[in-house]
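Bear in mind these aren't lab numbers, they're just calculated from the coordinates by the rules spelled out. Keep in mind it's a predicted model, so treat the numbers as computed, not measured. Here Cβ is always computed from backbone atoms with ideal geometry, including for glycine, and neighbour counts include all displayed protein chains.
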Amino acid sequence: MANQKPPKEDFSLKETSPNISGRRVSTGPMTAFDLVEHMQYLYVRVVKARGLPAIADPYVELKLGNYRAITRPMVKNPNPEWNQVFAFSKDRIQVVSVEILVKDKAVVAEGGDHRTIGKFAFALVEAPARVPPDSPLAPQWYMLEDKNKARIGGELMLSFWIGTQADEAFPEAWHADVAAVSGDGVSSTRSKVYLSPRLWYMRVNVIQAQDLVLKDKNKKTPEFFVKAQFGNLILRSGVSPNKTVNPTWNEDLMFVVAEPFDDPLVVSVEEKLNNNKEESMGRIVVPLGDVAKRNDAAAAAPKWYNLGMVEVAAGVQKEVKFASKVQMRVSLDGGYHVLDEPAHSTSDLRPTAKILWKPPIGVLELGILNATGLSPMKPKNQVDAYCVAKYGMKWVRTRTVVDSSSPKWNEQYTWEVYDPCTVITIGVFDNGNLQDKAAMDLNIGKVKIRLSTLETDRIYTHSYPLVALQPSGVKKMGEIQLAVRFSCPNMLNLLQLYSQPLLPKMHYVLPLSIYQLASLRHQAALILWLRLSRAEPPLRKEVVDCMLDATAHLWSFRRGKANFDRIIKLFDGLVALFKWFDQIRKWTNPLASALVYITFVFVLCQPGLTIAAAFLCLSFRGALNYRKRPRQIAHIDTELSHAYDVHPEDLDEEFDSFPSKKTGDVLKRRYDRLRGIAGRIQAVLGDIATQGERMQSLLSWRDPRATALFVIFCLIVGIVFCVVPAWWLALFAGTYVMRPPYWRINIPTFPQNFLRRMPAKSDSIL
């Protein structure tokens with residue numbers, strides 16, 4: 001009994017029925033905040049005061065039973081302006097009146113409290129109800145009274161009302177549940193919307209250099225290479241094959257840059273010396289504002305740049321120009337989509353150049369309702385949870401619910417959708433910045449939803465388990481309840497996308513290598529973190545890395561086994577077919593064997609009907625599978641991910657950093673090299689499995705629109721084969737395959753585009 005494994009946790013997806021107004025039948029996007037439960041708040045906006053004593057340092061204090069909120073103090077200002085909003089959850093208010101005190105921070109009265117200048121009170125029933133899109137309530141002047149209810153000379157301008165989380169004052173309001181948070185930590189509890197900067201691929205094509213000046217005139221085979229620097233990133237070219245003072249390279253160095261372009265491009269020509277050192281032959285500084293932008297595959301015009309040297313004279317740096325030159329093509333390639341996420345779970349497929357963007361085809365609405373049973377991530381067993389959702393260039397962050405393992409957010413957000421074959425990512429994090437700025441925001445769990453698996457205009461309300469893989473094994477960290485709706489006003493525009501390439505045409509006309517894409521993706525993630533960390537409140541590096549799956553390319557023995565099993569499972573059908581034919585051949589069932597033999601004779605006599613019958617069978621099978629179509633969103637599959645039977649040694653390897661922290665330099669180098677190779681093998685295995693699963697998904701109704709198109713296509717093809725002679729179709733197919741190169745295009749064909757858009761089980765791999 002001691003060796004028995006603990007019972008497996010329930011990681012299944014559960015359908016819920018929250019009290020949201022959007023669950024009624026709809027034909028498209030409805031009123032804002034119809035995917036969340038309405039939460040009522042008492043809002044109090046303190047604007048300003050006038051006529052206060054000139055010697056006072058006034059601030060305003062609000063009292064609602066046990067709740068207490070204060071504004072920032074104003075030093076020696078008789079007419080202070082605060083313009084602060086406070087929000088109190090109506091469910092927690094247990095008093096009938098609200099007391100507002102204007103106090104003087106500079107004077108301490110009896111009891112250790114600050115002196116009260118004046119006060120004002122109102123009954124809770126007097127607060128008017130306000131629902132957007134009503135205009136904001138106009139603030140009014142209210143006379144202040146002393147403790148004997150006698151009027152004093154000062155007045156306070158404020159407004160108060162009953163509203164919901166749909167109110168525009170909600171994101172910036174001070175909430176009563178963050179009363180335990182002080183200082184700058186309050187700003188990190190507010191909900192915010194972030195926009196990613198527009199990312200570009202910058203191509204530096206180094207062609208050649210002329211008349212380089214050698215320090216050692218007697219050196220006959222100098223070795224030159226080019227070093228390009230943008231910001232903190234440095235890329236190097238290979239050594240020129242012709243070892244002369246006029247070297248040539250014709251090599252591309254690729255960078256990811258973000259608007260606005262703050263840093264210039266610095267290119268230098270370096271000489272490789274014998275003692276593993278390098279010496280600069282000169283450099284050039286290229287402002288990115290002078291770099292041409294291109295949207296197609298046409299090469300940028302080559303340009304000669306004069307190399308200069310930096311000399312220090314009398315403590316002053318001076319640029320010294322001389323006759324050496326370097327020829328380069330520098331361009332900002334806007335025809336690519338800058339990949340910052342794994343290719344199988346990207347949330348945006350648009351090219352960088354806005355002129356190439358097409359109109360949106362739909363709207364994605366996400367309601368983040370609540371979470372239950374969140375596991376504590378801090379030593380004090382306290383959970384300060386918030387959510388981050390990322391789709392396209394828009395990141396959203398909910399407010400932080402302090403000290404609650406079952407937080408309620410009820411916040412709704414909207415995105416424009418340009419392609420249905422994209423994925424939205426929702427992560428739950430524990431806020432570590434409330435008291436300690438050096439602490440990390442730990443990830444509690446993550447959810448991914450592929451839009452193409454959603455039926456249009458249907459509201460999906462499910463409770464998603466938050467699955468985390470830890471060094472001790474897989475663990476359920478809680479559950480999060482979401483409401484999702486994908487609306488599309490024009491179904492024809494949506495279906496048309498299934499025949500188009502998944503990525504912009506530049507990725508096929510002028511493709512980038514696998515190594516370039518891996519390096520560029522790392523650069524893009526780093527730039528996004530640097531830009532988003534400058535917002536207030538910032539999105540920290542650990543949050544950005546988690547949302548972008550920054551470690552997805554690293555080797556994991558567990559994921560390798562999972563991908564291998566996916567491939568093996570694809571051949572289960574062939575194995576079953578072989579076993580069935582073996583039984584037929586052995587006449588285990590005489591009736592079935594006789595029918596198969598008669599069918600075989602019929603195919604030989606009527607070969608033209610064979611293909612038609614096959615397509616008609618596929619169409620019929622797809623129509624039958626409609627009743628068994630998935631009704632829930634695909635989520636993490638712990639069995640598919642080998643999360644339970646993983647060996648502790650494999651977990652130790654998976655959670656080891658890259659490069660490894662293991663001791664021994666030789667072992668470390670060999671181990672990291674093995675992990676790098678195995679990571680690429682793992683990616684290939686995953687790609688093979690994905691292609692096979694996409695074939696299976698043609699009839700699975702996982703993507704209802706794609707399966708419907710395929711079923712209709714099979715039906716039409718079957719009818720065509722019944723009417724048109726087979727040799728005509730064979731002639732057309734042979735002519736198409738053997739068509740001259742002049743009539744070919746460099747982008748994938750319709751079947752390839754359609755198949756690449758099919759969903760696969762890669763979305764369910766942990």
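Here residue 272 is the anchor, and the lysines within straight C-alpha reach of less than 27 Å, apart from those fewer than 8 places off in the same chain, are 215, 217, 219, 220, 227, 243, 303, 318, 321, 325.
With a simple spin-label model that places each label point 7 Å from the Cα along the Cα-to-Cβ direction, the separation between residue 724 and residue 530 comes to 5.6 nm. By the count of neighbouring beta-carbon atoms within 10 Å, fewest first, 395, 529 end up ordered 529, 395. Protection proxy ranking for 369-380, 451-462, using the average of other Cβ atoms within 10 Å per residue and placing the highest first: 451-462, 369-380.
If R0 is 41 Å, the Cβ-Cβ spacing of residue 214 and residue 647 corresponds to a FRET efficiency of close to 0.10. Ranking 697, 434, 402 by how far each Cα lies toward the positive end of the dipole of the chain (charges on Cβ) leaves 697 at the top.
Counting only lysines at least 8 places from residue 103 when in the same chain, those with an alpha carbon closer than 19 Å to its own are 48, 63, 76, 119, 147, 149. Projecting the Cα atoms of 513, 135, 478 onto the charge dipole of the chain, computed from C-beta unit charges around the Cα centre, puts 513 farthest toward the positive end. Computed over the stretch 557-764, relative contact order equals 37 percent, with contacts defined as Cα pairs under 8 Å that lie 6+ residues apart. Which log10 I(q)/I(0) values does the stretch 41-163 give at q = 0.14, 0.17 Å⁻¹ under the Debye formula, counting every alpha carbon as one identical point scatterer? Cα-only, vacuum Debye calculation for the stretch 41-163: -0.59, -0.86. Reducing the stretch 415-429 and the stretch 619-690 to their Cα centroids gives an inter-centroid distance of 22 Å. Computed from point charges on the beta carbon alone (+1 for Lys and Arg, -1 for Asp and Glu), the dipole magnitude for the stretch 40-154 about its Cα centre is near 100 Debye. The calculated P(r) of the stretch 199-333, using every Cα pair and 10 Å bins from 0, goes 11, 42, 33, 12, 1 in percent.
Distance between Cα centroids, the stretch 343-358 to the stretch 501-575: provide it in whole Å. Value for the Cα centre distance between the two parts: 15 Å.
Per-residue ellipticity at 222 nm computed for the chain from its helices equals -7500 deg cm²/dmol, with DSSP H segments shorter than 4 residues left out and the rest contributing -39,500 (n - 2.57). Computed over the chain, relative contact order equals 11 percent, with contacts defined as Cα pairs under 8 Å that lie 6+ residues apart.
Three semi-axes describe the equivalent ellipsoid of the stretch 624-683; taken as square roots of 5 times the Cα gyration tensor eigenvalues and ordered largest first, they are 37, 14, 8 Å. Taking 24 Å as the limit for the C-alpha separation, the pairs 378/541; 378/437; 569/628; 192/541; 446/561; 394/661 exceed it in the case of 394/661.
Based on Cα contacts under 8 Å between residues 6+ apart, the stretch 199-333 shows a relative contact order of 31 percent.
Ellipsoid semi-axes for the stretch 395-456, based on the Cα gyration tensor and the rule √(5λ), read 29, 13, 11 Å when sorted largest first. Projected over all directions and averaged, the alpha-carbon convex hull of the stretch 343-547 occupies 13.1 nm². For the chain, a crude dipole built from +1 on the beta carbon of Lys and Arg and -1 on the beta carbon of Asp and Glu, taken about the Cα centre, is about 1540 debye to the nearest 20. Exposure proxy ranking for 582, 34, based on other Cβ atoms within 10 angstrom of each Cβ and starting from the fewest, stands as 582, 34.
Among 619, 89, sorting on how many other beta-carbon atoms sit within 10 Å of each Cβ, with the fewest leading, yields 89, 619. Here the Kirkwood formula, the inverse mean of 1/r across different C-alpha pairs, assigns the stretch 557-764 a hydrodynamic radius of 21.5 Å. For the listed peptides 405-418, 223-236, a ranking on the average number of other beta carbons within 10 Å per residue, highest first, reads 405-418, 223-236.
Its Cα gyration tensor gives the stretch 213-263 an equivalent ellipsoid, and the semi-axes of that ellipsoid, as √(5λ) in whole Å with the largest first, are 30, 12, 7.
For residue 442 and residue 8, the FRET efficiency from 1/(1 + (r/R0)^6), where r spans their Cβ atoms and R0 equals 30 Å, is about 0.80.
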